[in-house]
Amino acid sequence: MKKLTKETLDACRSESQRKRGNWIKVGMSTCGIAAGAGDVFAILQNEAQKRNLDIRIEKCGCAGMCYAEPLVEVYVEGMPQVVYGDVDKETALAIIDKHISGKRLLNDHIYNVKVDRS
Amino acid sequence: MTMGYKKIVLLKDTGSTGRTKEFYNLFLEQCRLENLQDDVQIVRVADIGMYDKGIVVRIIPGDITYAGVTEAHIQKIIQQTLKNNKPVKELLFTRASKQMRVVLKSCGEIDPENIKDYIACDGYQALKTMLAKSSSEDVINELKTSGLRGRGGGGFPTWMKWKFARQIEADQKYIICNADEGDPGAYMDRSVLEGDPHSVVEGMIIAGYAVGATKGFVYVRAEYELAIERVEKTIEQAREYGLLGEHILGSDFSFDLEIRLGAGAFVCGEETALIASIEGKRGYPSPRPPYPSVKGLWGKPTVINNVETLATVPVILRKGGAWFASIGSENAKGTKVFALTGKVKNSGLIEVPMGITLREIVFDIGGGMLNGKKIKAVQTGGPSGGVIPEHLLDTPVDYENLQKLGSIMGSGGMIVMDEDDCMVDIAKFYLKFCVDESCGKCAPCRIGGFQMLGYLNKISEGKAGEDDIELLERICNASKKASLCGLGQTSPNPVLSTLKYFREEYLEHIRDRKCRARKCVDLLTYHIGQEKCKRCSICMRNCPVNAISGDKQQGFLIDVNKCVKCGKCFDVCKFDAIIRE
Amino acid sequence: MIQAKINGIDIKVKEGTSILDAAKKVNINIPTLCKHPDLDATAACGICIVKVKGGNKMLRSCCTPLEKGMDIITHDDELQEARRTVIQLILSNHPNDCLQCARNNNCELQRLAADFGIRTVAFPHVAKELPQDSSSKTINLVPDKCILCGRCVQVCQQMQDVWALSFLERGFQTRISPAGDINLSESPCVRCGQCSAHCPTGAIAEFDQTPEVWKALYDPNKYCVVQIAPAVRVAIGEAFGYPEGANLTGKLYAALRRLGFKAVFDTSFAADLTVMEEAAEFVQRFAHGKGVLPLITSCCPAWVDFMEKFYPDMVKHFSSAKSPHEMLGVLSKTYYAQQNAIDPATIYMVSIMPCTAKKYEIQRSEEMYASGYPDINVSLTTRELARMIKQSGIDFMHLPEAQPDHVLGEYTGAGVIFGATGGVMEAALRTAHYMVTGTDADKVDFENVRGLKGVKETEVNIKGNKIKIAIAHGLENVEYVLRRVQKAIAEKTELPYHFIEVMACPGGCVGGGGQPYGATDKLRVARAHGLYKEDDDKELQYSHHNPYIKKVYKEFLEKPLSEKSHKLLHTHYTGRPLYKK
């Protein structure tokens, strides 16, 4: 990596912002990991690979809703951005099956739905 | 269009009736009747961000929210909104979150281990602009305008610390990030370091530029393994990208960071003890003045800021001090992160504008009380803070207000208590923490704390007299006045504030030998309510000390002299026949 | 200058003066248990609190500098109540067995409790029950009596740079102990006893050997003889109400005779003898190139121990001459015994020293038994002797003066100034000058070597030869001097010094660890003055002019550095490094 300068920082920013496509983020801070986010992350990664899904699985920090950890946020193009909570192995699989493949939201696990109001 | 449905209906019963499922079935059924099942998905959600508003329905797209919905409204919603995209005006509700995420904005959004995620969210923009355009004085002035005060608990204006350190001429100055978070139930710093570590690093670089320091230390407690790992990665990446080290972003400014691990002594969060610890000495506080900004680490001017404070700095520079100052209340600017825990439904990390009331925090953000119990008090400020009783929950949260109530803002621990919490027990818990964590240097804290705990134990055991409260208060006052550091000066706060607001409860323990919250084991007695007892003998079979005797003909009795009050019988009885008082 | 008010009294002090010191200037004593004039304020006890008029925060006067315009209140209801509570808290965790305590009648805590009229302690008594440590046979640690003021730790770590004592554990369990919880004899302790001299209570005291001496004195088969060190005569008076620095040599001789000693010698005689040997050694190394330079004095046993442990590479620079009291010890059991036809086996030699390390020195190697017997049987401190005199009913104040016994009791001014820092150097230079030139120096006094500056460096001209010398006292000052020497040796550059005197205790032996309590720089100067005055008053001020020294050489030792004197008066040193790099 070439060191950034005042001039090249903005280019790096634009390039980094250009990430598109579907993604899943798993809350992998201490609160999430303690609640089992590590397993959830592994399952999601395995399944995505197994099924050859075009989706990025990423880690993120604590979103604050520690009572509902593990949290999994899902973005599939054309669908609202959804935060699932209390995600265990079964729910993780259901997210892949129903949400990502079936384009259906899951019952009883949604903690937030983020809508682009613009 | 890849979306499975044209419309999504999110619903939840936010009241206490818990009819989400019934309502869902009803809604589903009626949609089916209207033949909408392929266009509309009805979803039961676990949380809809609103509490005590009856049944809430949210419709996407359009993001229409209805509150107080009943079965009678279903048809109207289907006909008007789902079929014709018209809102049902009488049900409309404007959702407004009382949270305001400034410091936590990227926490939970970005991948903390990927510097590009941070850069994509305007990371290091503040640094870039500063290096290009601002003098160190400008930076300090911007902070002054922002009104930012230390988020670690002290509330000292951040710009002043920086200014003092800037004014001193020295061949070396240091920036220290205090991440020795230790209050029970508080984990704001950990979350920021784990979720958005680059913001802290950027804040430190800016601080270094403002005061003329070229070296910084992140002092993290060793138990925060993940935070340490992430900060290590962060420093590595920042170095790789030219954001740490020589000639940052190609400028003349150089600054580098190292991590120092704390061995877990609570007192090392006190800045002078922290410095001693970094220097490799016993973590003892030393007298101030000289303040660290004048004479700190290895005798050099040193700025010590808390994690949250430092993470706030880049946003302030990016959006302007005036913007930050426009948030919050008259006395306190900006937002504050709290770790909301205890008997509240949604325990977690919240960020709110200063000046919000405790009641709003507990009920509008926290979702209200767990199990529908009555709220008794909120504890703020950890072991240095105090309890704030229910009738004062409408006080706007800021440094001075909380202090007036006998508590403190502290680093952001906020523990909600209900009627099952005994105030003597709470005071005992916090004091015990301080007694264990006292460094032992100064007599009022070392011996005073120990003696205070002795009196509290006596009270909770029902062995105290009323004059013991006087002695307890006497030591509290001496410790407050004569202790060297914040730990000893504030450790009496939990005792004093519970005495102030719940003196009656202390007196009940002393006079009536009663603990109304049934927490103080020594004051409890167990016996069997014969009218409810079905003589199943499960209590007798489970009693670990054979204190229960009897048979299925005669019934059962608890021998109070043998009973060790473990509560086993109470827990196993299926008929609520064990009476605990 | 800072202008302010204390208790309404206008005051002007130098900037940086603590409130505590400023108050003293207007005759206000603010009580404290931890602040010692020799040491930086640690602010451990919490008793010296004061407040600023109008403010509600208490300041610790020991460590808070007086600021311009401050209006300080040192005594009022609230302050006294807080102090009284803190004192009672300390007493609640103190054995309070004053009658059996080494510091009975001389304890700062006892005095404070008396001044505050503490008649009862409101809080329950909690004993510490920690084991004593007498392992070093020189210094007794009684951690039960420790109030954790931290003076000993500061003395050991900063003033003496030994790092034997430290705090262990934390909170209520905090205690002083050698680091690693080993006992004192296994620790780096060099037995200087400065910890005991600074301890406000009976937690650290000399290892009391008066019972052995009483036993010997009452034993008809023992021929008890005694010697007193130079520094003892100018300090013992403090125990009997004499003014500071009063020289009580004659009364001491008389008191010792009354105690039952059959012969009373003076270590100052042996100091003259040491000068002869050491000056000869210096001349041999300096003028004749036999042996390495610089020559370093070795009469201080704590220093010897320190050097062997911390600077083993410098061992060959030590003067091989034994310390004066060891020389006198061996002569008493050889020369004196022969001259007076006494069986040396029956001679019981007691040294009265200002020093705790001498208790250790008398057994430090086989060479301390050069007479075939223990050259010294017991070494007592000044404090122990004062107790013996009081116990024996001797009216010290009104005793007529007495004379010492010949031959080992007559001394010159050069011998008696051994007790002050720079004294050994000055005495040796006087004789070295004579040895090199054959004439006495024009001026007797070498003013540059006197005084309390930590390191004194100067040059002396003897017959065109520039002799560069350094004098260090207080072990913290050794590092500077020895590092310079090590550097010059390593880099093969010109030596910074030819002759170095080191005394472990600040001020030299007058400030010894076995001297009466309460030494401050003012007192050290007064004691040294007592010695320099005797030097001035003495007819003979050069060791080589002492007729009895000449007599001993003529009748017994032949000449300085003779084979016999090597056998009896010289010793070896062994490097015993504690730490590997």
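For this structure, a couple of remarks:
- Entirely in segment C:503-573, the helices (runs of 4 or more DSSP H) that have 1 or more residues that are in the same structural domain as residue C:362 (by TED's automatic domain parsing), within 12 Å of the chain's Cα centre (by Cα) and closer than 28 Å to residue C:318 by Cβ: C:521-537
- When residues of segment B:86-107 are limited to those that are in contact with a strand residue (DSSP E or B) (Cβ under 8 Å, 6 or more places away or on another chain) and modelled with pLDDT under 90, the one farthest from the other protein chains (Cβ to nearest Cβ): B:94
- Residue match in segment B:191-213 (condition: within 25 Å of the chain's Cα centre (by Cα), among the β-branched types (Val, Ile, Thr) and surrounded by fewer than 24 Cβ atoms within 10 Å (Cβ to Cβ)): no
- In segment A:72-89, the residues that are within 11 Å of residue A:106 (Cβ to Cβ) and more than 8 Å from chain B (Cβ to nearest Cβ): A:72, A:74, A:82, A:84, A:87
- Selection over segment C:264-292 of residues that are part of a loop (DSSP other than H, G, I, E, B) and modelled with pLDDT under 90 gives a count of 4.
- Only helices (runs of 4 or more DSSP H) whose full extent lies in segment C:293-409 are considered here, and the ones with at least 2 residues that are of a type in the set (S, T, N, Q) are C:335-339, C:382-391.
- Filter pass, residue C:471 being assigned to a strand (DSSP E or B), surrounded by fewer than 24 Cβ atoms within 10 Å (Cβ to Cβ) and touching a residue at least 40 places away in the same chain (Cβ under 8 Å): no
- Residues that are surrounded by 14 or more Cβ atoms within 10 Å (Cβ to Cβ) and facing chain B (nearest Cβ under 7 Å), drawn from segment A:1-17: A:3, A:4, A:5, A:6, A:9, A:12, A:13, A:16, A:17
- Between A:96, A:100, A:57, the distinction of being under 12 Å from the mean Cα position of the chain (by Cα), in a strand (DSSP E or B) and more than 10 Å from chain B (Cβ to nearest Cβ) belongs to A:57 only.
- Odd one out for residue B:83 among (1) of a type in the set (Lys, Arg); (2) within 14 Å of chain A (Cβ to nearest Cβ); (3) assigned to a helix (DSSP H, G or I): (2)
- Test result for residue C:9, under 18 Å from residue C:71 (Cβ atoms) and out of contact with any strand residue (DSSP E or B) (no Cβ under 9 Å at 6 or more places or on another chain): yes
- Residue in segment C:525-543 that is surrounded by 15 or more Cβ atoms within 10 Å (Cβ to Cβ), in contact with a Leu (Cβ under 9 Å, 6 or more places away or on another chain) and more than 30 Å from residue C:103 (Cβ to Cβ) present: yes
- When residues in segment B:358-373 are screened for being in contact with a Leu (Cβ under 6 Å, 6 or more places away or on another chain), away from chain A (no Cβ under 12 Å) and more than 22 Å from residue B:493 (Cα to Cα), 0 of them pass.
- Members of segment B:209-230 that are within 14 Å of another protein chain (Cβ to nearest Cβ) and of a type in the set (Val, Ile, Thr): B:220, B:228
- Count - residues of segment B:20-51 that are surrounded by 15 or more Cβ atoms within 10 Å (Cβ to Cβ), closer than 28 Å to residue A:71 by Cβ and either among the polar types (S, T, N, Q) or more than 10 Å from chain A (Cβ to nearest Cβ) (or both): 8
- Selection count, segment C:199-229, where residues are buried (at least 18 other Cβ atoms within 10 Å of the Cβ) and in a loop (DSSP other than H, G, I, E, B): 8
- Within this structure, residue B:472 passes the test of being in a helix (DSSP H, G or I) and within 14 Å of another protein chain (Cβ to nearest Cβ).
- Selection from segment B:464-479 of residues that are touching a helix residue (DSSP H, G or I) at 6+ places or on another chain (Cβ under 9 Å) and free of Cβ contacts under 8 Å to residues at least 12 places away in the same chain: B:474
- Identity of the residue in segment B:247-297, in a helix (DSSP H, G or I) and touching an Asp or Glu at 6+ places or on another chain (Cβ under 8 Å), that ends up farthest from the other protein chains (Cβ to nearest Cβ): B:297
- Selection from segment C:1-58 of residues that are without any contact (Cβ under 8 Å) to a residue 24 or more places away in the chain and not in a loop (DSSP other than H, G, I, E, B): C:9, C:10, C:12, C:21, C:24, C:25, C:52
- Scanning segment B:394-421 for residues that are more than 21 Å from residue B:155 (Cβ to Cβ) and either β-branched (Val, Ile, Thr) or touching a Ser or Thr at 6+ places or on another chain (Cβ under 8 Å) (or both) turns up B:394, B:416.
- Of all the listed residues (B:233, B:300), the sole one being at negative phi and away from chain A (no Cβ under 14 Å) is B:300.
Residue-by-condition table, conditions (1) more than 16 Å from residue B:96 (Cβ to Cβ); (2) more than 12 Å from chain A (Cβ to nearest Cβ); (3) touching a residue at least 40 places away in the same chain (Cβ under 8 Å):
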{"site": "B:340", "(1), (2), (3)": "yes, no, yes"}
{"site": "B:348", "(1), (2), (3)": "yes, no, no"}
{"site": "B:351", "(1), (2), (3)": "no, no, yes"}
{"site": "B:356", "(1), (2), (3)": "no, yes, yes"}
{"site": "B:375", "(1), (2), (3)": "yes, yes, yes"}
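- Inspection of segment B:188-202 finds no residue satisfying the criterion of being in a helix (DSSP H, G or I), aliphatic (A, V, I, L, M), within 13 Å of chain A (Cβ to nearest Cβ) and more than 19 Å from residue B:336 (Cβ to Cβ).
- Those residues of segment C:242-263 which are of a type in the set (S, T, N, Q) and either assigned to a helix (DSSP H, G or I) or crowded, with 23+ Cβ neighbours inside 10 Å (or both), in sequence order: C:249
The values are calculated or read from the model by the stated rules, or taken from the named source; none is laboratory data. Note that this is a predicted model, so its numbers are computed, not measured. Quick reminder, even Gly has a Cβ in these numbers, built from the backbone with ideal geometry, and neighbours come from all protein chains shown.
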